[in-house]
Every structure is written in C-alpha cells, then in structure tokens.
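One structure is given below, encoded as structure tokens.
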Amino acid sequence: MLFRSLKKDRPREYAQLLKSREIRKYLVKPMHPMVVRGFKIFGGFEFTPNLAVEMAYVDLGELAYSGSFSGTPVTNGRLETTGFNFALVGTFPVSSSFSLFAKGGIFGWLAEARDITGGSPFVGRDEGGDVSFGLGAAFHLDRNLSLRAEWEYFEANDSITLLSAGLAYRF
C-alpha cells in the first residue's frame, strides 16, 4: 500500500513483496498505542444447537503511523481496515446457561492508508480475502438473549486480532 513508486514502476516485484510478507521490513513503524477500537455487527443461522453460520461486517479500527519510508519522512499516517467475515461456528453447550464456541471462515477486507510522504499527500488502497478464526463464550440471559465475549483473528493487510463483548439476540 505504501510503496507508491515500486508498485507503479516495478509491479511484479511489488506483487512478490506483498505475497512474501517481506513488505513489513520496509514500512514505517506504527505509533503507540497498538490497541485501537473496532466493532462488528453480525447475524447468522443456527442449523443445530452445535452448528451455525455467521456473517459479520467488521471494522478493525484506525491505526496511526509515522516515521520514514526509504529515508523520506512520513507523517499523519492512518490505516483503516474493514470487511465482511463469513464463518462456520461450532458450539459446545456447557450448561443450559453457558456455552463455548469456535469459528473459522473467510474475511474479505479493504485497507486504506492516508499519510503525508515527503510533503505530498498519499492515499493507498489494498483489498483481499484471507482466513479468520476465533474462540468465544456465551452466557445465555434467557432463551433469546445472550452476552458474548470472543477473541477473533483476521489475516488482512497484517495479522489483526479483535477482542469483543456484546449481545446476541436469537429470533
């Protein structure tokens, strides 16, 4: 995303660099803190008490960065990653009011970077589809309403994890 001249002048090298994940060695360092706020909105269908599918819109937040790129100063950097996740969910009921679950799926993502490189505005976009998986627990408040806590891993422009807590309502 941030390799403007390499992407334009030598697209084959740029593509190989992206695939090899070596691109991380050349990017500017993110600003601290590394914790950013994100959210998701999801829905799904339960085939059995142990098997379901889930679709979610996921916003993984905005990461700030600055530093230098090949000796050129980079300031006011922002990287935002969003996408849609499609997952198969396996549930293990521990009791009538508590269950554990695991999920695995595909994350279709879009990443947008904006910064000032060497005094010039830069906007870059990248998109793709990669794996996702997660683990969680649900406390069932009643037949239809549950409190959920989960950890999810998304492979996108980088490896990203999301810790979330929320409510789930069953129709």
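The values are calculated or read from the model by the stated rules, or taken from the named source; none is laboratory data. Because the structure is a prediction, the values reported are computed rather than measured. Cβ coordinates were reconstructed from backbone atoms using ideal geometry, including for glycine residues, and neighbour counts include every protein chain displayed. In case anyone asks, the SASA skips ligands and DNA or RNA and just uses the protein heavy atoms, side chains included. Shrake-Rupley method; radii C 1.70, N 1.55, O 1.52, S 1.80 Å.
Considering only T117, L135, F107, and ranking their Cα positions along the charge dipole of the stretch 98-146 that arises from unit charges at the beta-carbon of Lys, Arg, Asp and Glu, the one farthest toward the positive end is L135. Here the Karplus curve 6.51 cos²θ - 1.76 cosθ + 1.60, taken at θ = phi - 60°, turns the phi angles of the stretch 92-103 into couplings of 10, x, 7, 8, 5, 10, 9, 9, 10, 8, 9, 9 Hz, with x standing for Gly and Pro.
Once you sort the root eigenvalues of the Cα gyration tensor of the stretch 86-134 as a ≥ b ≥ c, which label holds: rounded (a/c under 1.5), prolate (a/b larger than b/c) or oblate (the other case)? Here the stretch 86-134 falls in the prolate category. Counting only protein chain heavy atoms and rolling a 1.4 Å probe, the accessible areas of E62, E155 rank, largest first, as E62, E155.
What is the stretch 56-156's relative contact order, in percent, from Cα pairs under 8 angstrom and six or more apart in sequence? Intermediate results must be reported in sequence, preceding the final value.
Values: 237 pairs, mean separation 23.2, N = 101.
Reported as a whole number, the value is 23 percent.
Which distance in Å, rounded to a whole number, links the C-alpha centroids of the stretch 79-104 and the stretch 113-154? That distance is 13 Å.
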